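*Asks:* Sharing a structure here in structure tokens format.
Read-outs throughout are calculated quantities, based only on the coordinates presented, and are distinct from any laboratory measurement. Quick caveat, the model's predicted, so the values are computed rather than measured. Neighbour counts run over all protein chains shown; Cβ positions are idealised from the backbone, glycine included.
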Ligand code: TYM
């Protein structure tokens, strides 16, 4: 039977069956044993408790090494093609929790080359978006002493030799099989995965020894890192470990918040008025009349407003269960729920926008090899 969903680094559509995807990609579920182990390092993040970060590659050997005193380096990134939305922020928030919990260094890659190659954007466009997106990343509070931002075209002297060694090991036939390229694909795109692999090996190159790396990211990025992991041993580097999250849904009920549907996407730069309007129009799956909703109740499983609370805006498990129950019983109506969520998002954004402004003062100190924007 054909699948009714697609998940690649460049396209996420349809009704994603996350168990099926895990099987297809060959990642390992995060089970209770691993959760208990995480809990030994610090209070579990809600994204782990709730199965939002749900699958991994080689977390156990990574933690074994950590316990022996061999610290890993965190690596994640952003393809700067537009404003940052809440979906992008989700894995970064989790990265911050890992940095704080394990006290580790991190590299953040901004792939202005990728978005130039894959989208109808100039390199100037993607480079200035990289600056804007980096402010959002910094605003989350990453330790400036432990965090370096890489911009592909600026740090090319360090990345390119590593990317070349990766590219030499990856055939066109592998790139076609993994990414679905064909004869009309530009050759920059075919090479690109080598650039996304490079930061996974950079800590080892810099340190002159094998440094373990952990990549927390959305599951859509896994195909790149399958390639990275395949070539690692042949190049004398450790395979990076991965921990991946489900995709934060859009407000229209779609499975992924995406910039292609602006009205269903909350950007970090949105005004309170814009947030109110977008949440006001959100898909809830509620009944047509108040009477019917009071009688039959709502369905939190399909409601995008509930999902926003679940993914990001209500960390208290008791409160989230109570909200689900009240919705099912018809005790709380969609209008009220939308108002509460609007308020939570606006409180979050007001603080974030403030920190985003302040990030302009520290961004220069957080660039890899001190490049200038
Ligand atoms: P990009 O810019 O598409 O996305 C940045 C990060 O956000 C995740 N993401 C989401 N997570 C949850 N819900 C969503 N709706 C959602 N939309 C996006 C992505 O999985 C990603 O983790 N090629 C990459 C940039 C990159 C990178 C990396 C990402 C370079 N190196 C290492 C992760 C790890 C990209 O275009 O990401």
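*Asks:* Taking Cα atoms, how many degrees apart are the long axis of helix 156-167 and the longest axis of the chain, rounded to 10 and kept between 0 and 90?
*Replies:* Compared with the principal axis, the helix lies near 90 degrees.
*Asks:* Could you tell me what percent of the DSSP beta bridges with both partners in segment 5-247 are antiparallel, to the nearest 5?
*Replies:* 35
*Asks:* Per residue, what volume in Å³ does the Cα convex hull of segment 165-246 take up? Kindly include the intermediate steps, with their values, before the conclusion.
*Replies:* On the way: hull volume 7.1 nm³, N = 82.
Taking only Cα atoms, segment 165-246 has a hull volume of 86 Å³ per residue.
*Asks:* Between residue 153 and residue 6, what length comes free when the chain is fully extended (0.36 nm per residue of separation minus the Cα-Cα distance, one decimal in nm)? All intermediate terms of the calculation are to be shown ahead of the outcome.
*Replies:* Details: separation 147, 0.36 × 147 = 52.92 nm, distance 3.00 nm.
Full-extension gain reported as 49.9 nm.
*Asks:* Specify the angular offset, from 0 to 90 degrees and rounded to the nearest 10, of the alpha carbon long axis of helix 187-207 from the longest principal axis of the alpha carbons in the chain.
*Replies:* 80
*Asks:* May I pose another question? Calculate the spin-label point distance for residue 23 paired with residue 299, positioning each point 7 Å from the Cα along the beta-carbon direction, and give it in nanometres.
*Replies:* With each label point 7 Å from Cα toward Cβ, the separation is 2.4 nm.
*Asks:* Using only Cα atoms, locate the centre of segment 296-373 and the centre of segment 85-142, then give the distance between them in Å, rounded to an integer.
*Replies:* 19
*Asks:* For the chain, report the % of Cα-Cα distances exceeding 27 Å.
*Replies:* Details: 34239 of 69378 pairs.
In whole percent, the long-distance tail amounts to 49.
*Asks:* Moving to a separate point now. Please list, in order, the residues from segment 300-322 whose amide nitrogen is less than 17 Å from a point placed 7 Å along the Cα→Cβ vector of residue 15.
*Replies:* 300-304
*Asks:* Springs between alpha-carbon atoms under 10 Å, Gaussian network over the chain: tell me which of 138, 219, 190 tops the mean-square fluctuations.
*Replies:* In this elastic network of the chain, the residue with the biggest mean-square fluctuation among 138, 219, 190 is 190.
*Asks:* If you don't mind, another one. Could you identify which residue out of 112, 155, 186 has the top mean-square fluctuation in a GNM of the chain using Cα springs shorter than 10 Å?
*Replies:* Ranking 112, 155, 186 by mean-square fluctuation puts 186 first.
*Asks:* Which of 95, 183, 299 ends up with the largest GNM mean-square fluctuation for the chain, with Cα atoms connected below 10 Å?
*Replies:* Result for the chain, Cα springs under 10 Å: 183 fluctuates most.
*Asks:* To the nearest 10 degrees, how steep is helix 317-328 against the longest Cα principal axis of the chain, on a 0 to 90 scale?
*Replies:* That helix lies at roughly 50 degrees to the long axis.
*Asks:* Moving on. Can you give the calculated 222 nm mean residue ellipticity of the chain, where each DSSP H run of n ≥ 4 adds -39,500 (n - 2.57) and the sum is split over every residue, rounded to the nearest 500 deg cm²/dmol? Each step should come with its number before you reach the end.
*Replies:* Numbers: 16 runs with 187 residues, N = 373.
It comes out at -15500 deg cm²/dmol, rounded to the nearest 500.
*Asks:* Be a star and scan segment 78-114 for residues whose amide nitrogen sits under 18 Å from the point 7 Å along the Cα-to-Cβ vector of residue 371.
*Replies:* Output list for this probe position: 78-82, 106-114.
*Asks:* Separate question: Give me the one-decimal Kirkwood hydrodynamic radius in Å for segment 262-356, with the sum taken over alpha-carbon pairs. Display every interim value, and only then the final one.
*Replies:* Details: mean 1/r = 0.0727 Å⁻¹.
It works out to 13.8 Å.
*Asks:* Show me the ranking of peptides 158-168, 38-48 by mean Cβ neighbours inside 10 Å, starting with the highest. Walk me through the numbers on the way to the answer.
*Replies:* On the way: 158-168: 18.1, 38-48: 15.5.
Ranking, from highest mean packing down: 158-168, 38-48.
*Asks:* Would you calculate the separation in nanometres between label points at residue 351 and residue 261, each defined as 7 Å from the Cα along the Cα-to-beta-carbon direction?
*Replies:* 2.9
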